[in-house]
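Reading through the structure tokens given below for one structure.
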Amino acid sequence: MLAFCSRTVVSGPTPPVSATRVAGRYLSHQRGLPSLPVPPLQQTCERYLTALEPIVEAEELSRTRRLVQQFQEAGGVGEQLQRGLERRARDTENWLSQWWVQVAYLEYRLPVVVHSSPGLVLPRMDFRDKQGQIRFSQCLICELVSSETLPVEFLGGKPLCMNQYYEVLSSCRIPGISRDSVVNHARSPQPPKHITVVHNFQFFQLDVYHSDGTPLTPDQLCDQLEKICRASPDPGAEPVGILTTQHRDVWGKSYLNLIRDPTNEASVSSIQRSIFTLCLDGPTSGAAGDQSRSAAAVQMLHGGGSRGYSANRWFDKTLQFIVGEDGTCGANYEHAPAEGPPIVALIDHVVEFTKDTSPSPAASLPVPHKLPFIVSAEVKRDIEAAKASMDSLAQDLDMRVSVFGHFGKNVPKSHRMSPDAFIQAGLQLAFYRKYRRCCATYESASLRMFRLGRTDTIRSASSASAAFVKAFDDPSKQAISGQAIDRHLLGLKLQAAEEKLPVPEIFRDPAFAKALHYRLSTSQVPSKTDCVMCFGPVVTDGYGVCYNPMDDHINFAVSAFNSCGETDAGGLAAAVEEALLDMKVLLDRTPRSKL
């Protein structure tokens, strides 16, 4: 579906393509990217100790210093593992990427819903009925299936790895016992020609290409979507989609029960092979303002439970577009194949070019194939269990989306400051005011300037809080240049397992667990579109915070778990607003020569 050009974006009718169609340009671009470096061992050890300073007690830090010193001694286990990582870096395209996907996603056993898969809330569209929903969906499909070109992205004049774009379409996660897998059918000799449409918990295969490879016209797509809605006027009796919300091991067992029937296996295969999924939801609550935005975030992130639209999804599918009958729309994506920024860039592209097209002849086409499911007594029990689990999770999540309307990235930029650093400083100030202590803080940093690069961690909690922004700028640069500590430490730990060595004591130290207990899990996902991404906390007593800084306002999504008495998403959101306003007052009072 996607290819690259250096300067322009071109869209037009094209036949279905596989990832190998533009292999020449793709490989040429990829080979020009550097490999991810393995940071020096001593450097990582020193920075690890610095990162611990604001979050552990002095006595605990003293013990950890001794362990770190032993770990990096000449001829010790640290040097042995470092040499192993350096060999791996020489022998692979990226020493980290395969390990990262395996450990962070495929072996992660909590449900992908809330815990792993982000949602994306787009601005409410200007329609309020079924026909408007269908017309917008038709435009969205048209752009995605007819657009084959995206520009190569650059950061600071350096090209970024575009591999993740090839992993988004026609791919799906497959549940397993103890470990999942991901399949990508775009790489097959005959790539898929259909999408999956879900309406009233019922799944349909909608072919978006004719047999000669030309895409359906807008009016043909509109006609096909109307046929799907007429064929599913009421909710399906057995909402099999809810099964994908379960704990991964539970879903892995239910999956085997489900596909034991050949009919079900064929239906599931069609969903997995499809280019993407389009979820047609009914109307949501009539709330306004921030309440409406928060309700939309819940709809995109988990669907609202079994009585909402959680069963109107297939959460294993990499990319799901969600369009509500009342104009609420957005997306949900499964995280294993790609990070947030490439997904947002793709959606920016689609939204920018999504528009009604001129009428065209709508030749009669067969009714889209409804995917049947045979629900045995065992599968029915699995569905009921999934409903109960999903409802419990939905009730536990506290999600607040707000628009900070006082100013946007224009203010920190006018003071020659990084907007992201400014916002992160506000988050640190807000958390400290609320809890009177610092906490381990995660911010995702892209490694896409390296071949097959994914992410590393910016640790924005700093002991030098008075000079926080200046302190923050340095670790940010370290992270995107492959010199941060978290993925290196992970690599050293995994290398010990590869060499069948005991887990080094540095990784069994309580301080290491504290360093990874991210009470603030944050991500800046900037977008041209006035949208915001949302996700759940990564620890039970933590927060998930995502933000999109626009020129004159900032979109925030803050989440917490209701089951934790210490956390309050609305309270933190209010504290962040107050912190940013106070920081602006400080900036306005500070001579620019002092900044």
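The values are calculated or read from the model by the stated rules, or taken from the named source; none is laboratory data. This is a predicted model, so every value here is computed, not measured. Here the Cβ positions follow ideal geometry from the backbone for every residue, glycine too, while neighbour counts run over all protein chains shown. The accessibility values were calculated without ligands, DNA or RNA, using every heavy atom of the protein model including side chains. Shrake-Rupley method; radii C 1.70, N 1.55, O 1.52, S 1.80 Å.
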Computed Rg/Rh for region 306-350 (Cα atoms; Rh = Kirkwood radius) stands at 1.00
How large is the convex hull of the Cα atoms of the chain per residue, expressed in Å³ as a whole number? 159
At 7 Å along the Cα-to-beta-carbon direction for both residue 497 and residue 587, put a label point, then send me their distance in nm to one decimal. 4.3
Modelled FRET efficiency - R0 56 Å, residue 70 with residue 528, Cβ distances, 0.05 increments: 0.65
Rounded to the nearest whole Å³, what is the per residue volume of the convex hull around the Cα atoms of region 51-124? 195
Projected onto the charge dipole of region 54-197 (+1 at Lys/Arg Cβ, -1 at Asp/Glu Cβ, origin at the Cα centre), which of 104, 152, 178 gives the Cα projection farthest towards the positive end? 178
If I fit a long axis through the Cα atoms of helix 218-231 and take the longest principal axis of the Cα atoms of the chain, what angle between them do I get, 0 to 90°, rounded to 10? 80
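Is there a quick way to get the dipole size of the chain? I mean about its Cα centre, with the Cβ of Lys and Arg at +1 and of Asp and Glu at -1; what is the value in debye to the nearest 20?
Rounded to the nearest 20 debye, it is 1120 debye.
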How far is helix 486-498 tilted, in degrees, relative to the longest principal axis of the Cα atoms in the chain, given as a value from 0 to 90 rounded to the nearest 10? 80
Degrees separating the helix 289-301 axis from the principal Cα axis of the chain, which is the longest one: 80
At 1.4 Å probe size, with the rest of the protein present, what percent of the exposed accessible area of the chain is carbon and sulfur atoms? 53
Grab the beta carbon distance between residue 183 and residue 307, set R0 = 35 Å, and tell me the FRET efficiency rounded to 0.05. 0.65
Taking the simple approach of a point 7 Å from Cα along Cα-to-Cβ for both residue 392 and residue 87, what is their distance in nm? 4.6
Accessible area per residue for the chain in Å², computed with a 1.4 Å probe and the full protein assembly in place, what is it? 40
Apply the a/c threshold of 1.5 to the C-alpha gyration tensor of region 473-569 and tell me whether it is rounded, prolate or oblate. oblate
Using alpha carbon centroids, what distance separates region 192-206 and region 547-580, in Å? 36
With the cut-off at 1.5 for a/c, could you classify region 231-314 from its C-alpha gyration tensor as rounded, prolate or oblate? prolate
Subtracting the Cα-Cα distance from 0.36 nm times the residue separation, let me have the gained length for residue 403 to residue 265 in nm, one decimal. 45.3 nm
For the residue 110, residue 574 Cβ pair and Förster radius 30 Å, calculated FRET efficiency rounded to 0.05 is 0.55
Modelling each spin label as a point 7 Å along the Cα-to-Cβ direction, I'd like the residue 79/residue 155 distance in nm, to one decimal. 3.4
Classify region 512-595 as rounded, prolate or oblate, taking a ≥ b ≥ c as the square roots of the eigenvalues of its Cα gyration tensor: rounded when a/c is under 1.5, otherwise prolate if a/b is larger than b/c and oblate if not. prolate
Given region 34-94 reduced to its alpha-carbon atoms as identical point scatterers, what log10 I(q)/I(0) does the Debye formula return at q = 0.18, 0.21 Å⁻¹? -0.71, -0.85
For region 230-284 and region 398-456, distance of Cα centres in Å: 37
How much of the pair distance distribution for region 222-372 lies past 19 Å, counting alpha-carbon pairs only, in percent? 62
Potential extension, residue 61-residue 126 segment - 0.36 nm per residue separation minus Cα distance: 17.8 nm
